[in-house]
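Structure first, then comments.
Each reported figure results from applying straightforward, stated rules to the coordinates on display, with no laboratory input. Because the structure is predicted, anything quoted here is derived from the model rather than measured. Here the Cβ is made from the backbone with ideal geometry for all residues, glycine too, and neighbour counts use every protein chain on show.
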Amino acid sequence: MSTVEFTQALVHNSDYLKPFAMTLTRDSESAKDLIQETLYRALANKEKYLDGTNIKAWLYTIMRNIFINNYRRSVKQQTIFDNTPNDFLLNYNQFATVNAAEATLSLKNIQQAIHQLPEIFKTPFQLYYEGYKYHEIANLLNEPLGTIKSRIHFARKLLKEQLDRF
């Protein structure tokens with residue numbers, strides 16, 4: 001196949017690439033870029049095309065491989081493109097600072113709310129929080145299992161109400 005015939009076949013089949021590119025990228029600009037890259041690679045690798053084979057299938061294979069390679073590359077890089085006028089690439093894996101003051105305040109609020117619980121709810125809740133099972137708490141406090149479950153439930157409910165204020 002001559003270069004002119006090959007180029008004409010590419011141009012004729014380029015319209016068939018658009019729907020497939022849109023299916024892969026789901027973005028019209030990315031689809032246009034993918035089509036352009038596919039046609040470029042097809043022209044660059046003209047000698048690898050065998051006469052008589054399905055050129056449309058060959059182009060689809062090139063497009064799919066380009067898309068997969070680009071996807072794998074973007075996953076490895078994990079960068080975010082910032083659309084500010086300066087077009088910076090930001091590293092996605094940057095470390096964020098931890099606000100220990102906020103965590104300390106939250107912990108103090110929780111401890112204060114637990115301390116304010118009525119004793120009937122506080123004791124089963126603290127035991128449950130420490131890792132005891134319901135039946136173990138019931139045995140320790142000599143109370144029925146259902147009573148312990150309901151007291152822990154009400155303790156959670158009271159804590160939620162108190163902590164929603166903060």
Computed lengthening from Asn139 to Arg72, 0.36 nm per intervening residue step minus Cα-Cα distance: 18.4 nm
Gap separating the Cα centres of region 113-142 and region 34-52, nearest whole Å: 72
Under the Karplus curve 6.51 cos²θ - 1.76 cosθ + 1.60, θ = phi - 60°, whole-Hz ³J(HN,Hα) for region 130-147, x wherever Gly or Pro sits: 6, x, 5, 7, 4, 5, 5, 5, 4, 5, 5, 9, 6, 10, x, 4, x, 5
Sequence-distant lysines (8 or more away, or on other chains) whose Cα lies within less than 16 Å of Lys46: Lys56
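Quick one: putting +1 on the C-beta of Lys and Arg, -1 on the C-beta of Asp and Glu, what dipole do you get for region 100-164 around its Cα centre, in Debye to the nearest 20? Don't skip to the answer; put the middle values down first.
Numbers: 8 positive and 7 negative charges, 26 e Å.
The calculation lands at about 120 debye.
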Set of lysines with alpha-carbon distance to Lys160 below 17 Å, sequence-local pairs under 8 removed: Lys108, Lys122, Lys149
